[in-house]
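A quick write-up on the structure given underneath.
The values are calculated or read from the model by the stated rules, or taken from the named source; none is laboratory data. In this text the structure is predicted, and so the values were computed from the model without any measurement. Note: ideal-geometry Cβ built from the backbone for every residue, glycine included; neighbour counts use all protein chains shown. In case anyone asks, the SASA skips ligands and DNA or RNA and just uses the protein heavy atoms, side chains included. Shrake-Rupley method; radii C 1.70, N 1.55, O 1.52, S 1.80 Å.
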Amino acid sequence: MKIVIKEAKILPQEIVELEKEANEESFNFVTTLIDEFNSGKNCFNQPGEFFLTAYENNKLIACGGLNQQWNEKDLETRIGRVRRFYVLPQYRKYGVGKQLLQHLEKKAITHFSALCLYTDTHPAAHFYQKMNYVFVENHPNYNYFKYLIS
């Protein structure tokens, strides 16, 4: 399987296909991604931020982005937040998510020393743990964390 990962400055038209699949799994965050991007609320365009897409044979099969991490009052310096990470179900367990997350982490290291994220699903938690993210029990904004090592 040949996966091509690209940085997207605008959302590709095919994102609606990912949204449809995600919604069928009751994952509404791809819809949130589209809504926030279109409204300008989150375009992954602040310092250190970016949005990645993954393709196989010109078909969009996964996406994921990185935002600055904010706490209740201000920016948590040097911490990035993995956001809107989704892989089509039929491409899971083939290394697509791993490739996409590794690409994201490699790109993130120039701006951030650690990454955080929130997930509430067991399969995603298992995936992030395999990728060396550690569970954080009592943080109000995220539940997985990883230091980046250059």
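Note down all Cβ pairs under 9 Å where the first residue falls in region 90-111 and is over 20 Å from residue 25 (Cα atoms) and open to solvent by less than 70 Å² (accessible area, probe 1.4 Å), the second is assigned to a loop (DSSP other than H, G, I, E, B) and polar (S, T, N, Q), and they're at least six residues apart or on different chains.
109/150
Quick check on my filter: what residues within region 119-130 are surrounded by 15 or more Cβ atoms within 10 Å (Cβ to Cβ) and assigned to a loop (DSSP other than H, G, I, E, B)?
119
For (1) part of a loop (DSSP other than H, G, I, E, B); (2) more than 18 Å from residue 78 (Cα to Cα), each residue gets a yes or a no:
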| residue | (1), (2) |
| --- | --- |
| 111 | yes, no |
| 116 | no, no |
| 132 | yes, yes |
| 139 | yes, no |
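Scan 14, 21 and give me the residue that is out of contact with any strand residue (DSSP E or B) (no Cβ under 6 Å at 6 or more places or on another chain), surrounded by 14 or more Cβ atoms within 10 Å (Cβ to Cβ) and either at pLDDT 95 or above or basic (Lys, Arg) (or both). First the steps, then the outcome.
Working: 14 fails: out of contact with any strand residue (DSSP E or B) (no Cβ under 6 Å at 6 or more places or on another chain).
It is 21.
Kindly provide the set of residues from region 94-150 that are of a type in the set (Phe, Trp, Tyr) and over 19 Å from residue 62 (Cβ atoms), ordered by number.
Once the filter is applied, which keeps residues that are of a type in the set (Phe, Trp, Tyr) and over 19 Å from residue 62 (Cβ atoms), region 94-150 yields 112, 135, 142, 145, 147.
Just name the residue that is surrounded by the fewest Cβ atoms within 10 Å (Cβ to Cβ) out of those in region 68-89 that are among the charged types (D, E, K, R) and at pLDDT 85 or above.
My answer is 78.
Return the total of residues in region 31-59 being open to solvent by 30 Å² or more (accessible area, probe 1.4 Å), touching a residue at least 24 places away in the same chain (Cβ under 8 Å) and in contact with a strand residue (DSSP E or B) (Cβ under 8 Å, 6 or more places away or on another chain).
Result for region 31-59: 3.
Could you give me the residue pairs with C-beta distances under 6 Å whose first residue belongs to region 115-140 and is closer than 22 Å to residue 88 by Cβ, whose second residue is surrounded by 14 or more Cβ atoms within 10 Å (Cβ to Cβ) and of a type in the set (Asp, Glu) wherever it lies, and which are 6+ apart or on separate chains?
none
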